[in-house]
Structures are given as structure tokens and as C-alpha cells.
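Below is one structure, written out as C-alpha cells; comments come after it.
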Amino acid sequence: MLFAAAGVLAVLPEGTLRRAEAWRGEMLAALWAAIGALAITGASLRIEGVVNWCPVFGMDGPTLPMLVLLAFAGGVMSRGHRGLACVLAGLAFLALSPLVFGLLAGTALVLLAGRGRQGVCLPAAIIPACIPADSPLSPYLMGGMVLLLGWAVASQKGPEATVPAGIGLFLLGRLLSETGVLAPVPQMVLLGSGCVVALAGGVQALRARHAVQVAAGLGCAGFGALVVLLTLALATTLEGMEQFRTATQLGVGAPFLALLAVLWLCQPMQPNLFVPPATQDHAPALPLALPARMCCPAGFIVLCGGLFALSGLPPLGGFSVLWCLISAGELATLAAPPVQALGTVLVLVMAASFMALGVLGLFRLGFAALNAADTAIKPGQPGVPSGGVFQVLPAIVCFAASLVVAVLPGVWLALQDHLFVGEAARGFAWQHVLSIWFTDTPVSYTPLYSLMALVACAGSVVGLGMLFKLYPFPAKAGTRPLWQEGAPLLQTEDGSVFQERTNTHATAQIGSMLAVFAGIASQRPENWRFFDKIMLSARFMQALLFKAVAWCEAQGMVLILLFLGAGLVFGLFASK
């Protein structure tokens, strides 16, 4: 009933509610809050469905945590087709059959895709839900599903990017739990699909020119990384599957909510009805196009907190996922055969590389917001928010929820005990509220201790600096005109006042001191003979490469025949 009411409110035309029209957003937020509260209650009380003839979908444990996340996404979305897509996604989670799930989820993806090729291709992402899980085509279709949904996440322009990501993770987790351990080739297909999506999202976060595209790239990179973790947790025989599973559960917790806050802050602002359009179009040009809500004080603070929670820095959500990943990788490589251990190490190295790309994208977004908040846009201008807390209240709610989940991970893990298949379910225990623990090992991690250690270190640095007048960063030395020091004013011919600045003493740089000590202060790398030899070798190798490419282009058909013959001979010998 709550989903139906939210869908009706999302698609009602303007003016239908008359005097209550101004409260439509608040009514939608209240409905989604009630949906989230019911989902949390159901997950806490371990409510599961009684429809035993439906083994995959229905009101059961995996549905309720996804509804909690979907409630946050629906609460910050605007009305219209995006809100209706969120409603259809929630109804798909509650579907009683895979066919109904595919129908509702495909319709939601069409609403999010709009027009063009995506409207035709994205419904194909739900095909794996409509075929038997033990079909030999299922893993390959799941790989295609991951690619299509990654494309959908990267192309969104706001909080709706979390809807296809949630659909993909829920569907992939359920299908992998029904399929079990996969063969090596399907495992490679799923891992490769996740890596491609993560790499594409990281590259988009580094190359995009708008903040909304950068945030969508970060969401796409996170979705691909979670697909890799989910595959390692459910589809392989590696040791440390419990750790991979825990990392996936934590990845859809605090980072998901922090990403939702960042996506809401980065989405384009709707036109202000109280400001003439002529004043809205004359915004200062920035290297990275940013919405004005990110430049107000409250929005900037929430954005910095969200970026910090998404990063791998302790103690918030991203670092918890990294800690679980390292623990799982250690167990997997110790107990696996050499070839499998080497493959696991390569996958973990790629995951670390994708994380580094994501951190660079976070830095890019944070520096752009810092520059805009300092120099470009100031609150109080036409079309710019005044900087109040209520202007960014949805982002504040999402970030506060992510902070609670990051500091109290035991509560979230207890709610998600049935989200993915594992060896043992986690029950709620007061001694584990503040920590991340595994069911098969005594190892645990407490984010609150890391937070206390960081606060203690920062307090110690500040205290020592105040005591001994020593600081790790040089203080800015302000310059004043000479007339403020009592010097006479210097009048020019045109009558203006010539204000001379006081000379500032340049601090000696460590690099310059080392260069002078080594005797290379006046030399450049271009003057070294070793540098010339390297450049000559590079030019020679480049000429050889160009000649080889030209020969391959001229002899293309011959090379194809040679490769076909070599493959045939190798196949004949290998078959024996």
C-alpha cells in the first residue's frame, strides 16, 4: 500500500493536490521513511516469506535490506518518472516470481534510460532472472547483465544511479546463490565483467567535465568492485569466502549511503522559480561544472564527509571494505594452489588499482568544490542557496546514516545476515555492535578505535605545535603596505597611491639544498648523456614498431592464415 501511494504521488500532474501541492515532496519522503522503517523492522524480527514454492524471490531476508537502501534512494529522488522507477524497483524486490521481477525491473530501467539505445538494451539485463539458474548460458548472461547495468549506472544524473546498481547486486547475489560454485571460465567472465565496469567508471570519474558525471563514474566503479567481491564470495572455492561476503555486505552499507549523498549534491539543480532566467545563465565558468548547492557551507561540509567515507582512509566505510578485502586475500592465497593463488593476487591487485582510480576521482571532485567554494560562487548571489542546513537536508540525512553504519557496523551486519548465502547467520550481539567480525575466525576490527586514534594524533600535533611553536605546514605570511608601518605615501603623477609591499624572505627548499649539495643545481635532465641515450633508444624502438605495424597491415591475410594453421596444428596435438 505504501509503494502504491508513493507511485501515485510521483506521477500525479501538477496542481492535482491543490493546496497540498507544496507538500508533495514531504509526503513522498514520509512514505519512503515508512517503507524503510518497515523493512528494518522485518529484518530485525527475521520475518521471512511463507511461499515455499518460490525459491528465489518474495518477501524474505535478501529483500528487506535492499528495501532499506531503496527507501533512502526514493526519499531523496524528485517526483516524476525517476520516482516511479524507484517504486517499480521496490515492487520488483517484492515480486513472487522471477518473471514478475523481470517485468517490473525492466520497466524501471526503461524509465531511467529514457530514449535511445539504452531504452532497447537495458531490459535485456533482466534476462538472467527469467531462465533456470542451472542453465549453461546463465553465467554468460549474468556477465552481459553486469555490463549493461554498469552502463546504466554511469549514465545517470543523480541519486537514481543507485537504482540499477541495487537491482544488479540483488539479482546477481540471488542467482549466484542458486547456481553455486561456477566453472573457471564462467568465473573469469564474471570477474572480467566487473573489472571492465569498474575500470570504465574510474576513467569516467577522471575525464568527465561535470560533477554529476564524475559522481556517476564513482558509482559505476563501486558497482563493478562489488560485483568482483560478490563473485569471489559466492562463485569460487577460495578460502576466505566469509571475508569476501562481509566486504560485500559492508560495501552496500556506508559507502552506498555516502554515495547517495554525493550524487544528490552533484545533480543539476532545477531552475529557481523566484529568479529570472537571465540571472541564472550568467554563472561563473569553472574548470569542473558544479551545482551551486555544493558551494554553500553546509553542502561543502557534507560533500567532504561523503568523499571521506567513500575513500579508503580510516575509519569510515571504504576502509572497512579494504580491511576485509586484505584479510580475505591473505586467507585465499595461503590455502590455494599456486596457479589459483596467483590469479587471486592479480584480481586483488586490479581491485586495488580501481580503488586508486576512485580515490583520484574523489580528490578531483573535492578540489573542484574547494576551489568553487573559495573563489567562484558565494552564497547570497541570485540562484545560489543561502547556505542553510535545510537546503541540503536530504544529503545530510544520507551522510548521517552512512556515518552510523560505518561506526556501528555490527548492527548492519546483523540485519544483513540473509542478504547473501553464507555458512552461518550472524545474530545480533551487543559485544559486536562496534566491530566487524567473521563467523569462522576470531579476527575483528573496530572502526571507533581508529577514529579515537586519529583524534588523539590530531590533538597531539596541535598541542605540540602550540607548545613549541612548531607546525607541519608553513603559516601564510601576510604582506602589508609600507604606509601601515609608518612610511610616507608615494604619490604618482596621476594622483594614485603607490603602495610598496614588504619583502618576504623566501624559505629554503629541501630539494634545492640537496641539488646544490650534489652539484647538479644548474643542470637539467636534457643535458645528461644518459637522457640522450634513452631518447635515441625510444626513437629507434618507435621506428621499429611503426615498420612492424605497416608490415602487418600489408600482410594481414597471410597472418590470418598462419594463425589459423598454427591453431589447427596445436589443437590436433593438444587433443591427443
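Just wondering, is there one or more residues in region 209-228 that are of a type in the set (Lys, Arg) and in a helix (DSSP H, G or I)? No, region 209-228 contains no residue that is of a type in the set (Lys, Arg) and in a helix (DSSP H, G or I).
Okay, residues lined up against (1) closer than 25 Å to residue 213 by Cβ; (2) open to solvent by less than 60 Å² (accessible area, probe 1.4 Å); (3) at pLDDT below 85:
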{"position": "273", "(1), (2), (3)": "no, no, yes"}
{"position": "293", "(1), (2), (3)": "yes, yes, yes"}
{"position": "315", "(1), (2), (3)": "no, yes, yes"}
{"position": "341", "(1), (2), (3)": "no, yes, yes"}
{"position": "347", "(1), (2), (3)": "no, yes, yes"}
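One residue stands out in region 109-139 among those that are within 12 Å of residue 179 (Cβ to Cβ) and outside any loop (DSSP other than H, G, I, E, B): the one that is farthest from the chain's Cα centre (by Cα), namely 138. At pLDDT 90 or above, within 28 Å of residue 82 (Cα to Cα) and surrounded by fewer than 19 Cβ atoms within 10 Å (Cβ to Cβ): is that true of residue 146 in this structure? Taking the combined requirement at face value, the residue does not satisfy it. Quick test for you: out of 211, 183, 161, 221, pick the one residue that is modelled with pLDDT under 85 and either open to solvent by less than 20 Å² (accessible area, probe 1.4 Å) or out of contact with any Gly (no Cβ under 8 Å at 6 or more places or on another chain) (or both). It is 211. Anything in region 26-50 that is of a type outside the set (A, V, I, L, M, F, W, C) and modelled with pLDDT of 75 or more? List them, or say none. If the condition is that a residue be of a type outside the set (A, V, I, L, M, F, W, C) and modelled with pLDDT of 75 or more, then 26, 36, 41, 42, 44 are the ones that fit. The numbered conditions (1) modelled with pLDDT under 90; (2) touching a helix residue (DSSP H, G or I) at 6+ places or on another chain (Cβ under 7 Å); (3) among the small types (Gly, Ala, Ser); (4) open to solvent by 10 Å² or more (accessible area, probe 1.4 Å) are all true for residue 173 except (4). If you go through region 244-255 one residue at a time, do you hit one that is free of Cβ contacts under 8 Å to residues at least 60 places away in the same chain and open to solvent by 10 Å² or more (accessible area, probe 1.4 Å)? No, region 244-255 contains no residue that is free of Cβ contacts under 8 Å to residues at least 60 places away in the same chain and open to solvent by 10 Å² or more (accessible area, probe 1.4 Å).
Whenever a residue of region 393-414 is farther than 11 Å from residue 305 by Cα, its partners that are among the basic types (Lys, Arg) and open to solvent by less than 40 Å² (accessible area, probe 1.4 Å), lying with C-beta atoms within less than 7 angstrom and at least six residues away or across chains, give the pairs 413/426; 414/426. Scanning region 89-107 for residues that are aliphatic (A, V, I, L, M) and within 14 Å of residue 32 (Cβ to Cβ) yields a count of 2.
The values are calculated or read from the model by the stated rules, or taken from the named source; none is laboratory data. The structure presented is a predicted model; accordingly, all values stated were derived computationally and were not measured. Don't worry about glycine lacking a Cβ; one is built from the backbone with ideal geometry, like all the others, and counts go over all protein chains shown. Quick note on the areas: whole protein, heavy atoms, side chains included, nothing else; ligands and nucleic acids left out. Shrake-Rupley method; radii C 1.70, N 1.55, O 1.52, S 1.80 Å.
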